[in-house]
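See below for the structure under consideration.
The values are calculated or read from the model by the stated rules, or taken from the named source; none is laboratory data. Note that the structure is a prediction, hence the values are computed from the model and not measured. Every residue, glycine among them, receives a Cβ derived from its backbone with ideal geometry; neighbour counts consider all protein chains shown. With ligands, DNA and RNA removed, areas are computed over all heavy atoms of the protein, side chains included. Shrake-Rupley method; radii C 1.70, N 1.55, O 1.52, S 1.80 Å.
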Amino acid sequence: MARWGMVIDLSKCTGCQSCSVACKAENNVPHGSPEEHEKRQTPFWHKVIAVSSGEYPTVRIDLIPMPCMHCDDAPCVTVCPAKATYRREDGIVIQDFRRCIGCKYCIVACPYGARSFNYKEPDEEEYQRPDPPSERADRGIWPFPHRIHGVVEKCTFCFHRIDEAVKEGKKVGEEVVPACAEACPAHAIYFGDLDDAGSQVSRLLASRQWLRLREEMGTSPKVFYLTR
Amino acid sequence: MSRRTFIKITAVAGATVAASRLFSHPALGSVVYSPELPGGEGVITEKWVPTSCLNCDTRCATRVRVVNGRAVKVTGNPLSRVSEGENCARANVGLQVLYDPARITAPLKRTNPAKGRGIDPGWTEISWEQALSEVGDKLKTLREKGQPERLLLLSGLNTVSAEDIIRRFAGAYGTPNLVSADGLNNEADKAGEWMADGHYTQSAYDLERTNYILSFGASILESYKPLARSLRMWGKIRGERPNRAKVVVIDPRYSVTALRADQWVPINPGTDGALALAIAHAIISEGLYDVDFVNNRTSGFDEYKKLVLDYYDPDTVSGITGIPAETIRQIAREFAATGPAIAWRGRGATSWPNGSYTSYAIFCLNALVGSIDVPGGVIYQENPPYRPLPEPAEDDTAIKGRARPALDLRKTERFPAAEVVTNQVADSILKNNPYPVEMAIGFNSNFNMSAPGTGRWDAALEKIPYYVHAAPFISEMAEYADIFLPLTTFMEEWAYDHSPPGSGFAEVRIKQPVVEPLYNTRNNIDIIFNIAGRLGGTVEQSFAGIGDDAGGFVKYRTAVLAPWNKLLEQGVWVGPDYEYYKYDRIFKTPSGKFEFRSGNLEALLKEQGEEINSLTGLPYYREVQYLGDSSDYPLLLSTYQPLLNVENGSQNYPWAQEMFLVMHGAGWTNFVEINRRTAQKLKIKDGDTVWVESPFDRIKTKARVFEGIHPGVVSIAGGQGHRAYGEWAKGIGVNPNEIIGVDYDRLSGQAALFNTRIRVYKA
Ligand code: SF4
Ligand code: SF4
Ligand code: SF4
Ligand code: SF4
């Protein structure tokens with residue numbers, strides 16, 4: 001069984017946010033409004049955050065693309081009373097909307113702010129990917145046509161792409177990658193099997209300096225950042 | 001067909017190319033539903049249509065996924081070599097451009113004769129026939145009066161094919177007054193290159209192969225075009241080859257490019273020219289320049305050398321720029337030693353009075369180190385070999401009209417080298433200089449928002465007796481229209497396109513309708529064909545035999561490149577590989593060489609009767625004249641274009657709005673960025689509501705206390721502050737152009753954007 005992980009090369013990243021927009025388009029993540037933004041209620045499964053330090057003229061700001069970290073020891077999983085969020089065997093931490101009771105414990109527990117509460121009524125925008133008919137369900141589930149109001153959402157590592165690829169025998173990480181990785185113009189996002197020493201992600205981690213966010217939390221994130 | 005094009009075609013046919021990137025592309029069959037579909041209930045139809053983006057003038061090749069007739073996803077087209085199949089974040093925002101709820105769905109006519117800011121035009125829907133016959137009649141009457149020059153055509157962000165058609169219409173009708181937005185962007189950049197090598201164009205840089213980038217105010221990762229190419233190449237040169245390119249960014253503001261660079265060097269605003277000359281001083285005095293190139297391929301070096309050595313030693317220039325002399329020398333040594341190196345100038349350095357000279361001074365650094373037409377240096381963009389258009393038919397009216405002086409005073413004593421002086425037009429309209437404007441048509445233009453001194457544009461638009469606006473939505477300019485013509489968006493129409501200079505080799509993209517037009521809208525090319533037909537005579541003749549409508553015109557111009565169905569299937573045509581070292585042909589100067597002393601400029605000024613002195617042709621530095629008194633207005637106002645500023649004249653796009661300012665984690669807004677120490681002195685705290693006041697006007701916004709900005713400068717992001725339609729844009733943020741004064745780089749007519757003084761105080 002693979003253990004999927006992501007490697008983001010900050011030395012290549014341009015801070016362009018194609019990843020964040022592509023995630024919204026791929027997964028029908030609702031957009032926000034000025035009011036929701038003000039209240040920090042805009043749902044984002046992916047966000048490029050800015051971390052700054054220092055003073056003029058030696059200021060330093062880093063832009064860090066952040067999906068869910070798919071922690072191997074995920075606090076969100078531990079705290080969920082409804083077992084709505086769970087870790088799949090392949091390491092993807094997933095959220096079952098139907099089981100979620102909207103208690104938001106996981107939002108509090110996640111050290112990365114990776115989760116969003118869906119305050120919105122289900123709506124359908126013209127540009128959203130439509131629901132496939134039931135007889136096509138064998139072609140891979142399409143999980144996000146209609147969002148459920150009042151539950152928590154987050155990045156899925158685009159498991160629908162991964163599952164489909166595995167079923168069709170395609171190479172995940174080469175032929176098929178998550179939407180954010182596909183959209184990255186700088187090719188700064190890599191995806192693959194962390195347990196396969198020959199995968200590109202493993203090779204990068206073996207040959208380059210890397211860090212994970214908030215290592216001290218003991219969450220064992222599966223998103224790695226390459227520094228220079 | 002070039003060998004490369006052939007290989008690409010094989011790849012698309014799904015054969016055996018091993019490039020993993022190609023395979024990861026959904027267009028080539030990864031995560032999409034299979035195209036063979038079950039019949040009956042709940043049928044899903046799906047296709048990927050190659051087309052191109054128009055959210056900026058890079059006009060990237062894209063593929064759009066269409067499910068059940070709805071466009072749901074945009075990705076790059078792997079056949080494009082300019083951006084190597086990549087796009088920027090705005091490509092997917094194209095979906096929200098197409099499905100924008102604020103789009104106008106039918107032609108509109110104004111019922112309220114009063115015009116002005118905030119005045120309701122009283123729109124009423126009319127038919128296309130009525131709209132176009134009214135416009136046609138007006139045009140006909142004006143032309144019959146023998147005053148075709150009194151028609152003003154304004155052009156914002158359009159497809160290349162629409163630009164070609166609009167230009168042809170201007171010529172056939174007989175007006176010299178076709179005005180694009182270029183005068184607000186990088187005309188001074190262009191003039192600087194022209195002074196050196198005779199090419200009046202934006203410079204192209206061989207980013208992919210360079211080892212060192214020295215950016216003078218160029219926002220390479222946010223707004224410099226071709227943007228998606230820069231983003232792709234950035235990844236390449238910073239992490240996909242053994243020798244990582246070094247990047248040094250000179251900018252008073254810590255931009256996204258600066259934060260991703262190896263070194264940020266804040267500079268006193270407006271002094272980039274002096275810095276370039278000091279770098280030249282260090283390179284020359286330390287004997288680091290490319291002797292071979294300078295001796296064989298350049299002229300005027302001795303005068304240039306004397307200028308540089310006499311006046312611009314790093315110690316002196318350190319006092320001007322605020323950059324330590326040692327840093328100047330360090331940059332100079334690295335620049336000369338780490339070839340191929342690029343000195344890259346952008347708006348931040350050149351949109352100033354005397355911007356042409358600054359641009360020239362920076363451009364000369366490339367020649368000093370031999371980075372001209374070499375791999376990894378400055379290159380010369382090839383234009384796509386579209387099928388040439390026949391000479392337009394012309395009558396006396398057209399010939400006479402075109403010969404009249406233009407409203408923007410281009411190529412006059414006022415703006416001697418200028419090709420277009422966008423911002424001058426407002427004043428010319430107001431002063432009937434050199435004659436009154438009777439009628440204007442704006443194609444996707446929005447100058448009373450995007451040009452400094454917005455109020456003048458409002459007054460000018462109010463004054464124009466008959467104004468027609470063509471765009472997909474109601475912009476600030478559209479509110480002054482007598483007739484509004486609703487356009488299709490770029491996913492609904494036919495066009496051909498290419499990017500601004502950058503790649504070297506030529507590349508064409510075909511836009512084809514991805515979905516049926518959603519509303520009763522038309523393509524601007526079709527509108528012009530229609531109007532030309534109504535005008536008859538030579539105007540009509542000029543549009544005969546070139547395809548008859550947008551689709552036909554695109555085919556006429558491009559089907560010579562490759563078979564038409566192949567173009568439609570692939571969406572992209574790539575020209576032959578770029579050839580370097582064309583020294584026998586590229587220099588369009590009196591000496592036939594790269595000129596450190598500009599023969600082109602001296603000849604032009606002489607022709608216009610100006611006196612030439614020993615400095616005129618040299619890239620010397622002159623201190624900037626500011627607008628406003630430094631005691632009353634102690635700070636300078638600067639602006640920048642964040643990547644998610646959609647450049648079509650609207651910002652009514654939630655995806656772009658909610659991630660608008662990545663550096664600040666801010667969306668749905670903009671604010672004034674102010675250095676912490678400056679803010680402390682002014683007793684302003686982060687988040688305070690403040691007035692930003694120039695000698696011309698003031699705007700109220702929030703303060704963002706920021707470490708990444710020169711203490712003498714404040715900065716406001718462009719793209720917000722819309723007043724017109726659109727719930728996601730209207731009333732959000734402020735528009736700095738409301739308070740920026742009107743000034744120019746004299747030679748090129750480039751609007752000076754950064755020399756307005758301001759003060760900031762709590763509201
Ligand atoms: S990043 Fe947060 S949401 Fe994601 S797995 Fe870790 S704890 Fe859970
Ligand atoms: S992996 Fe998929 S779901 Fe997660 S951030 Fe990337 S695009 Fe979004
Ligand atoms: S798309 Fe790539 S380059 Fe752009 S912000 Fe995301 S990771 Fe960085
Ligand atoms: S660079 Fe310009 S044309 Fe290309 S995808 Fe971005 S907005 Fe569209």
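Scan the stretch A:4-36 residue by residue and report those that are at pLDDT 95 or above, more than 7 Å from chain B (Cβ to nearest Cβ) and surrounded by 22 or more Cβ atoms within 10 Å (Cβ to Cβ).
Within the stretch A:4-36, A:TRP4, A:GLY5, A:MET6, A:VAL7, A:ILE8, A:CYS13, A:CYS19, A:CYS23 qualify.
Is it the case that the stretch A:37-52 has a residue that's under 20 Å from A:THR156 (Cα atoms), more than 7 Å from every other protein chain (Cβ to nearest Cβ) and within 16 Å of ligand 4 (Cβ to nearest atom)? Walk me through how you get there before you give the answer.
Looking only at the stretch A:37-52, we keep the residues that are under 20 Å from A:THR156 (Cα atoms), and these are A:41-49.
Now restrict to residues that are more than 7 Å from every other protein chain (Cβ to nearest Cβ): A:41, A:43-47.
Within this subset, residues satisfying the condition of being within 16 Å of ligand 4 (Cβ to nearest atom) are none.
No, every residue in the stretch A:37-52 fails to be under 20 Å from A:THR156 (Cα atoms), more than 7 Å from every other protein chain (Cβ to nearest Cβ) and within 16 Å of ligand 4 (Cβ to nearest atom).
Conditions tested, residue by residue: (1) open to solvent by 30 Å² or more (accessible area, probe 1.4 Å); (2) over 30 Å from A:VAL79 (Cβ atoms); (3) near ligand 2 (Cβ under 8 Å from one of its atoms).
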position: A:CYS158; (1), (2), (3): no, no, yes
position: A:GLU164; (1), (2), (3): no, yes, no
position: A:LYS171; (1), (2), (3): yes, yes, no
position: A:CYS184; (1), (2), (3): no, yes, no
position: A:ALA188; (1), (2), (3): no, yes, no
position: A:LEU194; (1), (2), (3): no, no, no
position: A:ALA197; (1), (2), (3): yes, yes, no
position: A:GLN200; (1), (2), (3): yes, yes, no
position: A:ARG203; (1), (2), (3): yes, yes, no
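Considering every residue within the stretch B:162-175, establish whether at least one is of a type in the set (Asp, Glu) and either within 14 Å of chain A (Cβ to nearest Cβ) or open to solvent by less than 10 Å² (accessible area, probe 1.4 Å) (or both).
Step one: of the stretch B:162-175, the residues of a type in the set (Asp, Glu) are B:163-164.
If we keep only those that are either within 14 Å of chain A (Cβ to nearest Cβ) or open to solvent by less than 10 Å² (accessible area, probe 1.4 Å) (or both) too, we end up with none.
Scanning the stretch B:162-175, I find no residue that is of a type in the set (Asp, Glu) and either within 14 Å of chain A (Cβ to nearest Cβ) or open to solvent by less than 10 Å² (accessible area, probe 1.4 Å) (or both), so the answer is no.
Restricting to the stretch B:732-746, name every residue that is open to solvent by 10 Å² or more (accessible area, probe 1.4 Å), in a loop (DSSP other than H, G, I, E, B), more than 18 Å from B:LYS700 (Cβ to Cβ) and touching a helix residue (DSSP H, G or I) at 6+ places or on another chain (Cβ under 9 Å).
B:VAL742, B:ARG746
Just to be sure before I move on: is B:ALA418 assigned to a helix (DSSP H, G or I) and either under 21 Å from the mean Cα position of the chain (by Cα) or under 14 Å from B:LEU178 (Cβ atoms) (or both) in the structure I sent?
Details: assigned to a helix (DSSP H, G or I): no; either under 21 Å from the mean Cα position of the chain (by Cα) or under 14 Å from B:LEU178 (Cβ atoms) (or both): yes.
The answer is no for B:ALA418.
Can you name every one of the helices (runs of 4 or more DSSP H) wholly within the stretch B:302-415 that holds 2 or more residues which are within 22 Å of B:ALA261 (Cβ to Cβ) and open to solvent by 10 Å² or more (accessible area, probe 1.4 Å)? Talk me through it step by step, then tell me what you get.
On the way: elements: B:314-321, B:325-337, B:347-350, B:355-368, B:396-403.
In the stretch B:302-415, the matching helices (runs of 4 or more DSSP H) lie at B:325-337, B:347-350.
Looking for whichever is part of a loop (DSSP other than H, G, I, E, B), farther than 30 Å from B:VAL294 by Cα and open to solvent by less than 40 Å² (accessible area, probe 1.4 Å) here; the options are B:LEU643, B:LEU636, B:LEU618. Which one fits? Steps first, please.
On the way: B:LEU636 fails: part of a loop (DSSP other than H, G, I, E, B); B:LEU618 fails: farther than 30 Å from B:VAL294 by Cα.
One residue alone meets the criteria, B:LEU643.
Restricting to the stretch B:43-64, and then to whatever is surrounded by fewer than 21 Cβ atoms within 10 Å (Cβ to Cβ) and either closer than 19 Å to A:CYS19 by Cα or within 12 Å of another protein chain (Cβ to nearest Cβ) (or both), can you tell me which residue is nearest to the chain's Cα centre (by Cα)?
Among residues in the stretch B:43-64 that are surrounded by fewer than 21 Cβ atoms within 10 Å (Cβ to Cβ) and either closer than 19 Å to A:CYS19 by Cα or within 12 Å of another protein chain (Cβ to nearest Cβ) (or both), the one nearest to the chain's Cα centre (by Cα) is B:GLU46.
Could you grab me the full set of residues in the stretch A:1-27 that are in a loop (DSSP other than H, G, I, E, B) and of a type in the set (Lys, Arg)?
Of all residues in the stretch A:1-27, those in a loop (DSSP other than H, G, I, E, B) come to A:1-3, A:10-17.
Those that are in a loop (DSSP other than H, G, I, E, B) and of a type in the set (Lys, Arg): A:ARG3, A:LYS12.
Given the residues B:ALA656, B:ALA679, which is the only one that is small (Gly, Ala, Ser) and surrounded by fewer than 24 Cβ atoms within 10 Å (Cβ to Cβ)? Don't jump to the end; show me each part of the working.
On the way: B:ALA656 fails: surrounded by fewer than 24 Cβ atoms within 10 Å (Cβ to Cβ).
It is B:ALA679.
With respect to B:ALA495, is the statement that it is farther than 21 Å from B:LYS47 by Cβ, among the hydrophobic types (A, V, I, L, M, F, W, C) and not assigned by TED's automatic domain parsing to the domain that holds B:SER223 true?
Values: farther than 21 Å from B:LYS47 by Cβ: no; among the hydrophobic types (A, V, I, L, M, F, W, C): yes; not assigned by TED's automatic domain parsing to the domain that holds B:SER223: yes.
So B:ALA495 fails the test.
Checking the conditions here, which among B:PRO101, B:PRO113 is out of contact with any Ser or Thr (no Cβ under 9 Å at 6 or more places or on another chain), outside any helix (DSSP H, G or I) and farther than 30 Å from B:ARG65 by Cβ?
Numbers: B:PRO101 fails: farther than 30 Å from B:ARG65 by Cβ.
Every option except B:PRO113 fails the conditions.
For the stretch A:155-175, which positions are more than 15 Å from the chain's Cα centre (by Cα), part of a loop (DSSP other than H, G, I, E, B) and more than 10 Å from chain B (Cβ to nearest Cβ)?
Once the filter is applied, which keeps residues that are more than 15 Å from the chain's Cα centre (by Cα), part of a loop (DSSP other than H, G, I, E, B) and more than 10 Å from chain B (Cβ to nearest Cβ), the stretch A:155-175 yields only A:GLY169.
Just a yes or no: is a residue in the stretch B:688-703 within 14 Å of chain A (Cβ to nearest Cβ) and not hydrophobic (A, V, I, L, M, F, W, C)? Full working, then the answer.
As a first pass, look at the stretch B:688-703 and keep what is within 14 Å of chain A (Cβ to nearest Cβ): B:702.
The next check asks that each one be not hydrophobic (A, V, I, L, M, F, W, C); those that pass are B:702.
Yes: one or more hits.
Within the stretch A:181-206, how many residues turn out to be more than 16 Å from ligand 4 (Cβ to nearest atom), outside any loop (DSSP other than H, G, I, E, B) and touching a residue at least 24 places away in the same chain (Cβ under 8 Å)?
Number of matching residues: 10.
Checking the conditions here, which among A:GLU153, A:GLU126 is at pLDDT below 95 and open to solvent by less than 20 Å² (accessible area, probe 1.4 Å)?
Matching residue, one of A:GLU153, A:GLU126: A:GLU153.
Among the numbered criteria (1) under 31 Å from the mean Cα position of the chain (by Cα); (2) assigned to a helix (DSSP H, G or I), which one does B:GLU129 miss?
For B:GLU129, the exception is condition (1).
Of B:ALA717, B:ALA703, B:ALA729, B:ALA751, which residue is open to solvent by less than 10 Å² (accessible area, probe 1.4 Å), under 23 Å from B:GLU222 (Cβ atoms), over 27 Å from the mean Cα position of the chain (by Cα) and in the same structural domain as B:ILE674 (by TED's automatic domain parsing)? Let's see the steps before the verdict.
Details: B:ALA717 fails: over 27 Å from the mean Cα position of the chain (by Cα); B:ALA729 fails: over 27 Å from the mean Cα position of the chain (by Cα); B:ALA751 fails: over 27 Å from the mean Cα position of the chain (by Cα).
The unique qualifying residue is B:ALA703.
For the stretch A:21-39: of the residues being within 16 Å of ligand 1 (Cβ to nearest atom) and not β-branched (Val, Ile, Thr), which is nearest to B:MET659 (Cα to Cα)?
So in the stretch A:21-39, the residues within 16 Å of ligand 1 (Cβ to nearest atom) come out as A:23, A:27, A:29.
Cutting the leftovers down to not β-branched (Val, Ile, Thr) gives us A:23, A:27.
On the way: A:CYS23: 13, A:ASN27: 17 Å.
If we take residues in the stretch A:21-39 being within 16 Å of ligand 1 (Cβ to nearest atom) and not β-branched (Val, Ile, Thr), then A:CYS23 is nearest to B:MET659 (Cα to Cα).
Among (1) under 30 Å from B:VAL317 (Cβ atoms); (2) touching a Lys or Arg at 6+ places or on another chain (Cβ under 7 Å), which single condition is B:SER614 missing?
Only one criterion in (1) under 30 Å from B:VAL317 (Cβ atoms); (2) touching a Lys or Arg at 6+ places or on another chain (Cβ under 7 Å) is unmet by B:SER614, namely (2).
Name the residues in the stretch B:118-151 that are under 24 Å from B:ASN433 (Cα atoms) and open to solvent by 30 Å² or more (accessible area, probe 1.4 Å), would you? Can you show your working first?
Keep residues of the stretch B:118-151 that are under 24 Å from B:ASN433 (Cα atoms), which gives B:138-151.
Matches in the stretch B:118-151: B:LYS138, B:LYS140, B:THR141, B:ARG143, B:GLU144, B:LYS145, B:GLY146, B:GLN147, B:ARG150.
Filter the stretch A:176-204 down to the residues that are over 20 Å from B:LYS236 (Cα atoms) and at the interface with chain B (Cβ under 8 Å from one of its Cβ atoms) and list them by number.
A:VAL176
Taking into account only those residues within the stretch A:53-73 that are more than 7 Å from chain B (Cβ to nearest Cβ) and among the aliphatic types (A, V, I, L, M), which is nearest to ligand 2 (Cβ to nearest atom)?
Taking the stretch A:53-73 as the starting set, the residues that turn out to be more than 7 Å from chain B (Cβ to nearest Cβ) are A:53, A:58, A:60, A:62, A:64-73.
Narrowing the set further to residues that are among the aliphatic types (A, V, I, L, M) leaves A:64, A:66, A:69.
Numbers: A:ILE64: 13, A:MET66: 8, A:MET69: 10 Å.
The qualifying residue nearest to ligand 2 (Cβ to nearest atom) is A:MET66.
Name the single residue that is most open to solvent (accessible area, probe 1.4 Å) among those in the stretch A:93-111 being under 18 Å from A:HIS160 (Cβ atoms) and near ligand 1 (Cβ under 9 Å from one of its atoms).
The qualifying residue most open to solvent (accessible area, probe 1.4 Å) is A:GLN95.
What's the number of the condition A:VAL151 fails, among (1) in contact with a Phe, Trp or Tyr (Cβ under 6 Å, 6 or more places away or on another chain); (2) away from ligand 2 (no atom under 15 Å from the Cβ); (3) over 27 Å from A:PHE97 (Cα atoms)?
Unmet condition: (3).
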